[in-house]
Amino acid sequence: MTVTQPATPPTLIIRPPKGWVKLNLGELWAHRELLYFLVWRDIKVRYKQTALGAAWAVLQPVLTMLVFSVFFGRLAKIPSDGVPYPIFTFAALLPWQLFAYALNESANSLVTSQNLIKKVYFPRLAVPMSSVLAGLVDFSIAFGVLLVLMFYYRIVPTAAILLLPLFVLLAVATALSVGLWLSALNVKFRDVRHTIPFLTQFWLFATPVAYPSSLVPARWRPLLGLNPMTGVVDGFRWALFGRSGAPESIWVSAVAVVVLLIGGLMYFRRMESTFADMA
Amino acid sequence: MSDTAIRVEGLGKLFQIGTPEQYQTLRDALKERVTAPFRFMRNGGSGKASTETFWALRDVSFEVKHGEVIGIIGRNGAGKSTLLKILSRITGPTEGYVEIHGRVGSLLEVGTGFHQELSGRENIFLNGAILGMKKAEILRKFDEIVAFAEVEKFIDTPVKHYSSGMYVRLAFAVAAHLEPEILIVDEVLAVGDQRFQEKCLKKMGEVGKQGRTIFFVSHSVPSIQRLCKRVIVLDKGRVSNDGPAMEALAEYLSGDQKSTYFATPSNSKPTITMAGIEETRRTLGLTVEFHSPFQFAPVLGFVIYDPVGNPVFGTSNRLEPPAIKIPSTSSGRIEVVIPTEHFRPNRYLISLWLGDGYTDYCELPKVLQVEISGLQMDKSSQEVGSMRLPVEWNIRKIAAVTEEAVSLFKGA
């Protein structure tokens, strides 16, 4: 036996699921190596058999930035809070694409790994979680492009850039909380898969990615803050450019995410034992 | 601490049938919610008003001690897989409970989570982690796994370029090096060629000897017989037998095979409409009747199996030299006389197939059963195998070896 083996074997009771299930995050922690391997697999496989490889991680936000700059910046002349429009929108596209990718991947994750779920037990939370985390690699690559752009436009970041990881965390948490709900629902209702593209598209316009949130009348802004991605995007711009003040709606966003995340975790755990039967 | 490894009490699992798809559409659920809002809530959203239900498992109770090697056998749909899925926590039970003392490792399939694009090396780590191994553990056993799978040369090649044999060997090798206290295995031995299967069985036997508890589900009676001392027979979701392997298997095998078989003729192809076997003094008489919608030259083949399913003898009127041509016909009766003097007294199973030498039209696997009692009634347990051949013994006296000769030999 392995040396790590505990002296007394653990006792496990299996019963029909009833009422509220414990979140049991300790079990997920015990399986952290599995989580690591799943993330590592997603990253390794992502650009296999593509001619451009990891260049896609750069191309996707850059091409979107070009399209936005031409149509929203040049033609529609949308204001950009005194920052050149391309970098104004790129700073928002970074967390947005991290979020959109993580949301899409995690929502489909249980369905795409159904052969795993039907054949072996592990904490199911590892599946949507690994999909979300895998998106961080693309994000880091694209972040390099942002630094190049900032250098090009001679924008010197303020000390607030140190808070950037917090906004990344908020974006990831938002994607995970929605992803948990959708992935569990997707196992039961395959309609979910078809609604995701509309959801992300709608969500993109509800988030100040192509426009500044100052464009929204002041009395509507707290409402806008209910969308956690508003907090993330505003936070990014604030931390990088420091032109506008700290986003006041960030607290509303954070609370909204925590509520959504806990609810998502509970729903996911509740449905967990039925995934194998329905997938 | 008690020596119980697994205790199962009144375990049951209810499935819903009647829905062609396992998953519903949102529209159905919404409609149902409107028409029967309270039922929806009560069932947690999983109920369909008019679906039929069936119990895949019901009232299953048993206890397994640490170190026991248990075989689970049963026909398709008997609930074997459902039981294993509950024990390995893949799905939840509807009623009852299970108590497990110890780390569980389950192998319901080899190569779960293998990724085609990743190399053999990468898949060992990924698959190991999915099966519940720690990274340090995988690193320690890595060379052993690769050697067992015999894929040293291709370890850095993506597994999509592997032959199917290499693929299953690698997959099994990872699984075989899992070291939980309780191992749950489902028919994974049906992989690879004969030689590798043998290797797998040996490995399983070793694991069993190390004092681990093994739960082994298989259709293969010989491998269950070889590995397990105790067998649980499942039938329609219930435990129909639980006892020493030989007894439980014998009862399972005597299930529904008979000495006669009847079927209605088909309009599209030749069919065996009747088959019967009976033992006379020194022979087995096999009678087969067939009907066909068209004329064909019938070729009849049969294989005789021992009670645990190993083929003992088989032939056909095409193989048997010189080939016996039966003239073209659309119906007929074939009688075969098989001498029994070389068969050891036992129960035998017989498979039949009917064709025209190019196409097999009708296959009836293990459709008949017959007891060969032989001339002597002694079913000596000292006999080995299924054959009894009239071997010739020659014994001759040779010069005695003296002590001098031995000491001389030793000195040399």
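What the table below lists for this structure:
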item: Answer from A:LEU162, A:LEU170 - the residue that is under 22 Å from A:LEU136 (Cβ atoms), touching a Ser or Thr at 6+ places or on another chain (Cβ under 7 Å), surrounded by fewer than 24 Cβ atoms within 10 Å (Cβ to Cβ) and among the aliphatic types (A, V, I, L, M); result: A:LEU170
item: Any hit, segment A:227-237, residues being more than 14 Å from chain B (Cβ to nearest Cβ) and out of contact with any Pro (no Cβ under 9 Å at 6 or more places or on another chain); result: yes
item: Among (1) surrounded by fewer than 22 Cβ atoms within 10 Å (Cβ to Cβ); (2) free of Cβ contacts under 8 Å to residues at least 24 places away in the same chain; (3) of a type outside the set (S, T, N, Q) - the single one B:VAL146 does not satisfy; result: (2)
item: Residues located in segment B:56-86, provided they are within 22 Å of the chain's Cα centre (by Cα), within 13 Å of chain A (Cβ to nearest Cβ), more than 23 Å from B:ALA173 (Cα to Cα) and of a type outside the set (S, T, N, Q); result: B:ALA56, B:LEU57, B:VAL60, B:LEU83, B:ILE86
item: Test: B:PHE290 is modelled with pLDDT of 80 or more, part of a strand (DSSP E or B) and exposed (fewer than 14 other Cβ atoms within 10 Å of the Cβ); result: no
item: Extreme residue, modelled with the highest pLDDT, among residues of segment B:348-375 that are over 22 Å from the mean Cα position of the chain (by Cα), acidic (Asp, Glu) and assigned to a strand (DSSP E or B); result: B:ASP360
item: Selection from segment B:87-111 of residues that are facing chain A (nearest Cβ under 8 Å), in a loop (DSSP other than H, G, I, E, B) and either over 24 Å from the mean Cα position of the chain (by Cα) or in contact (Cβ under 8 Å) with a residue 40 or more places away in the chain (or both); result: B:SER88, B:THR91, B:GLY92, B:PRO93, B:THR94, B:GLY102, B:ARG103, B:LEU108, B:GLU109
item: Spans of helices (runs of 4 or more DSSP H) in segment B:117-197 with at least 2 residues farther than 23 Å from B:GLN210 by Cβ; result: B:120-130, B:164-176
item: Any hit, segment A:176-183, residues being among the polar types (S, T, N, Q) and farther than 23 Å from A:SER80 by Cα; result: yes
item: Residue satisfying condition, being at pLDDT 90 or above and either crowded, with 19+ Cβ neighbours inside 10 Å or outside any helix (DSSP H, G or I) (or both), within set A:VAL67, A:VAL83, A:VAL39; result: A:VAL39
item: Test: residue in segment B:151-159 that is basic (Lys, Arg) and either surrounded by 21 or more Cβ atoms within 10 Å (Cβ to Cβ) or over 30 Å from B:ASP3 (Cα atoms) (or both); result: yes
item: Options A:ALA57, A:ALA91: the member that is modelled with pLDDT under 90, buried (at least 17 other Cβ atoms within 10 Å of the Cβ), away from every other protein chain (no Cβ under 14 Å) and assigned to a helix (DSSP H, G or I); result: A:ALA57
item: Residue in segment B:137-145 that is more than 27 Å from the chain's Cα centre (by Cα) and within 7 Å of chain A (Cβ to nearest Cβ) present; result: yes
item: Pairs where the first residue, in segment B:244-272, is among the acidic types (Asp, Glu) and the second is at pLDDT 80 or above and surrounded by 14 or more Cβ atoms within 10 Å (Cβ to Cβ), C-beta under 6 Å, 6+ apart; result: B:GLU251/B:ASN241
item: Single residue of segment B:337-359 satisfying the filter (aromatic (Phe, Trp, Tyr) and closer than 17 Å to B:GLY285 by Cβ) that is surrounded by the fewest Cβ atoms within 10 Å (Cβ to Cβ); result: B:PHE343
item: Extreme residue, modelled with the lowest pLDDT, among residues of segment A:16-29 that are within 26 Å of A:SER113 (Cα to Cα) and exposed (fewer than 14 other Cβ atoms within 10 Å of the Cβ); result: A:TRP20
item: Identity of the residue in segment B:90-124, of a type in the set (A, V, I, L, M, F, W, C) and buried (at least 21 other Cβ atoms within 10 Å of the Cβ), that ends up farthest from B:VAL217 (Cα to Cα); result: B:LEU118
item: Residue under evaluation B:SER164, criteria (1) among the hydroxyl-bearing types (Ser, Thr, Tyr); (2) modelled with pLDDT of 80 or more; (3) touching a helix residue (DSSP H, G or I) at 6+ places or on another chain (Cβ under 7 Å), criterion not met; result: (3)
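The values are calculated or read from the model by the stated rules, or taken from the named source; none is laboratory data. Predicted model only: the values in this text are computed from it and were never measured. Please note: Cβ atoms are built from the backbone with ideal geometry, for glycine as well, and neighbour counts cover all protein chains shown.
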